[in-house]
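Asker: Could you have a look at this structure, given as structure tokens, before my questions?
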Amino acid sequence: MKILVTGGTGYIGSHTCVELINSGHEVVIVDNLYNSSLDVLDKIETITGVKPKFYKVDILDKEKLEEVFKENKFDAVIHFAGYKAVGESVAIPLTYYENNIAGSINLYQLMKKYEVRNLVFSSSATVYGDDFEVPFKEEYGLGTTTNPYGTTKKMNEMIITDMDKAEPENSSVLLRYFNPIGAHASGLLGEIPNGIPNNLVPYIAQVVAGQRDFLRVWGNDYDTVDGTGVRDYIHVVDLAKAHVKAIEYAASHKGTEVINIGTGKGYSVMQVLKAYEKACGHDIPYQIMERRPGDIAVCYADTAKAEELLGFKAQYDIDEMCEDSYRFTCNLKK
Ligand code: NAD
Ligand code: WQD
């Protein structure tokens with residue numbers, strides 16, 4: 001298939017492009033390079049032997065985005081482009097709604113105009129909010145989101161569902177990612193956070209790289225194995241492979257499916273820290289702090305639907321996730 005990948009030079013998008021190319025698909029990337037850089041294209045070429053066609057286009061610029069649709073006949077779209085920082089979304093909500101909602105509507109309108117029926121959308125476990133019991137199941141539906149970023153994911157899910165009802169030929173898969181971490185085994189692709197990282201593993205990586213003094217562990221009084229928060233961490237390469245299965249599923253079905261992508265297993269902050277210590281071979285300094293506002297104690301996925309509909313099961317364990325993250329961090333310093 002010829003697939004438009006918005007946000008394709010970003011963290012998850014770049015890994016997905018590699019897996020799409022490895023599976024024989026043709027990839028065209030649209031990205032405004034707000035949170036990624038052009039050298040990712042060379043890295044994708046080094047890994048796969050293929051340099052994807054690239055357009056530096058902002059999805060908010062509908063005219064320029066339409067040029068991309070005029071020049072290419074797409075079979076499908078995987079839509080990653082968007083802003084993703086939870087705290088920032090609270091501070092500048094309109095910017096988040098504009099980019100993640102208005103930008104997405106531009107894309108969906110062009111898909112309709114150019115009759116591109118198959119879509120995979122990057123949703124998030126954040127849409128469950130803290131309304132439900134773990135493991136989170138797709139059938140729970142949408143919970144009460146706790147920040148504008150999460151609300152943009154929820155709104156996109158609602159928009160796509162309504163759009164598919166009105167256009168019965170459409171086929172969309174809404175992937176609710178849990179906590180993607182890790183990097184490509186080549187050490188070439190990974191996550192480079194902008195500023196101070198909010199997420200756990202990028203923060204640990206910066207402590208290990210000597211950029212931060214210690215990890216701040218947000219709370220150790222939760223009702224969990226050791227009191228620290230538990231999450232379902234998934235290797236970004238597993239997540240990328242899930243996208244290949246999801247877009248192939250979309251192309252052979254109709255309607256809207258919501259599918260969790262996680263491992264189904266939860267690890268605490270301290271367990272992740274220990275796995276990272278094993279990967280880098282030394283202790284990592286940390287301090288226990290107050291709970292972070294908005295955090296929930298435990299979050300992990302029910303993965304039965306991904307297995308049943310997509311035949312997808314995550315392969316990498318937490319040790320491999322930390323080893324690959326560490327390898328990428330070491331390469332950044334070179
Ligand atoms: P990322 O920031 O690395 O990638 C997003 C890409 O989109 C970047 O390359 C950025 O430059 C581009 N972009 C942003 N706004 C754009 C615009 N208006 N026009 C064109 N390009 C634009 O983020 P990621 O971690 O790869 O996340 C990809 C998607 O997955 C996002 O939609 C994110 O919300 C979602 N998601 C991420 C996580 C996570 O923990 N990383 C979890 C759940 C969902
Ligand atoms: C994981 C655990 C923290 C940093 C966020 C978004 C979610 C999704 C994934 C996009 C928690 C603890 C963290 C630190 C810590 N993104 N922690 N010290 O909050 O589960 O999910 O990213 O869709 O929407 O909300 O991920 O990595 O921030 O936190 O102790 O410096 O690590 O308290 O228990 P989270 P996270």
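The values are calculated or read from the model by the stated rules, or taken from the named source; none is laboratory data. Note that the structure is a prediction, hence the values are computed from the model and not measured. Because the Cβ atoms are built from the backbone with ideal geometry, glycine has one as well, and the counts that use them run over all protein chains shown.
Asker: In the stretch 271-322, how many residues are among the β-branched types (V, I, T), more than 10 Å from ligand 2 (Cβ to nearest atom) and in contact with a Gly (Cβ under 8 Å, 6 or more places away or on another chain)?
Answerer: The total comes to 1.
Asker: I'm told G187 meets every condition in (1) more than 16 Å from A85 (Cβ to Cβ); (2) touching a residue at least 12 places away in the same chain (Cβ under 8 Å); (3) in a helix (DSSP H, G or I) except one. Can you identify the failing condition by its number?
Answerer: Unmet condition: (3).
Asker: Does K245 satisfy being touching a strand residue (DSSP E or B) at 6+ places or on another chain (Cβ under 8 Å) and closer than 21 Å to H79 by Cα?
Answerer: no
Asker: Next up: So, in the stretch 49-61, of the ones that are out of contact with any Phe, Trp or Tyr (no Cβ under 9 Å at 6 or more places or on another chain) and within 20 Å of V120 (Cα to Cα), which residue ends up farthest from ligand 2 (Cβ to nearest atom)?
Answerer: Checking each candidate, the answer is K53.
Asker: Only one of (1) more than 15 Å from ligand 2 (Cβ to nearest atom); (2) surrounded by 22 or more Cβ atoms within 10 Å (Cβ to Cβ); (3) more than 28 Å from K154 (Cα to Cα); (4) not polar (S, T, N, Q) fails for A185. Which number is that?
Answerer: (2)
Asker: Filter the strands (runs of 3 or more DSSP E) completely within the stretch 226-296 down to those with at least 3 residues that are more than 16 Å from ligand 1 (Cβ to nearest atom) and either more than 30 Å from V116 (Cα to Cα) or touching a residue at least 40 places away in the same chain (Cβ under 8 Å) (or both).
Answerer: 255-261, 286-289
Asker: If you don't mind, another one. When only residues in the stretch 118-147 that are without any contact (Cβ under 8 Å) to a residue 60 or more places away in the chain and touching a Ser or Thr at 6+ places or on another chain (Cβ under 6 Å) count, which is farthest from K73 (Cα to Cα)?
Answerer: Filtering the stretch 118-147 for residues that are without any contact (Cβ under 8 Å) to a residue 60 or more places away in the chain and touching a Ser or Thr at 6+ places or on another chain (Cβ under 6 Å), the one farthest from K73 (Cα to Cα) comes out as D131.
Asker: Looking at the stretch 126-139, can you tell me whether even one residue there is touching a Leu at 6+ places or on another chain (Cβ under 6 Å) and of a type in the set (S, T, N, Q)?
Answerer: Taking every residue of the stretch 126-139 in turn, none turns out to be touching a Leu at 6+ places or on another chain (Cβ under 6 Å) and of a type in the set (S, T, N, Q).
Asker: A further question follows. Can you name every residue in the stretch 201-214 that is under 18 Å from the mean Cα position of the chain (by Cα) and surrounded by fewer than 23 Cβ atoms within 10 Å (Cβ to Cβ)?
Answerer: P202, Y203
Asker: Now for a different question. Condition first: in contact with a strand residue (DSSP E or B) (Cβ under 7 Å, 6 or more places away or on another chain), of a type outside the set (D, E) and either touching a residue at least 24 places away in the same chain (Cβ under 8 Å) or within 15 Å of ligand 1 (Cβ to nearest atom) (or both). Can you find one or more residues in the stretch 191-201 that meet it?
Answerer: yes
Asker: Taking A242, is it within 26 Å of G24 (Cβ to Cβ) and crowded, with 17+ Cβ neighbours inside 10 Å?
Answerer: Yes; evaluated as a whole, the condition is true for this residue.
Every residue, every condition in (1) more than 10 Å from ligand 1 (Cβ to nearest atom); (2) in contact with a helix residue (DSSP H, G or I) (Cβ under 9 Å, 6 or more places away or on another chain); (3) part of a loop (DSSP other than H, G, I, E, B), yes or no:
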| residue | (1), (2), (3) |
| --- | --- |
| T9 | no, yes, yes |
| S14 | no, yes, no |
| V30 | no, yes, no |
| S37 | no, no, yes |
| I59 | no, yes, yes |
| V68 | yes, yes, no |
| K73 | yes, no, yes |
| E88 | yes, yes, no |
| L94 | yes, yes, no |
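Asker: Might you check whether a residue that is within 20 Å of the chain's Cα centre (by Cα), of a type in the set (A, V, I, L, M, F, W, C) and crowded, with 18+ Cβ neighbours inside 10 Å occurs anywhere in the stretch 59-71?
Answerer: yes
Asker: I've got another one for you. Scan the stretch 113-122 and tell me whether some residue there is modelled with pLDDT of 95 or more, within 16 Å of ligand 1 (Cβ to nearest atom) and assigned to a loop (DSSP other than H, G, I, E, B).
Answerer: no
Asker: If we keep just the residues of the stretch 141-182 that are of a type in the set (K, R) and buried (at least 18 other Cβ atoms within 10 Å of the Cβ), which is farthest from ligand 2 (Cβ to nearest atom)?
Answerer: K154
Asker: Return yes or no: is Y203 hydroxyl-bearing (S, T, Y) and within 9 Å of ligand 2 (Cβ to nearest atom)?
Answerer: yes
Asker: Just to verify a result, which residue in the stretch 165-185, among those that are out of contact with any Lys or Arg (no Cβ under 8 Å at 6 or more places or on another chain) and more than 16 Å from ligand 1 (Cβ to nearest atom), is farthest from I259 (Cα to Cα)?
Answerer: If we take residues in the stretch 165-185 being out of contact with any Lys or Arg (no Cβ under 8 Å at 6 or more places or on another chain) and more than 16 Å from ligand 1 (Cβ to nearest atom), then A166 is farthest from I259 (Cα to Cα).
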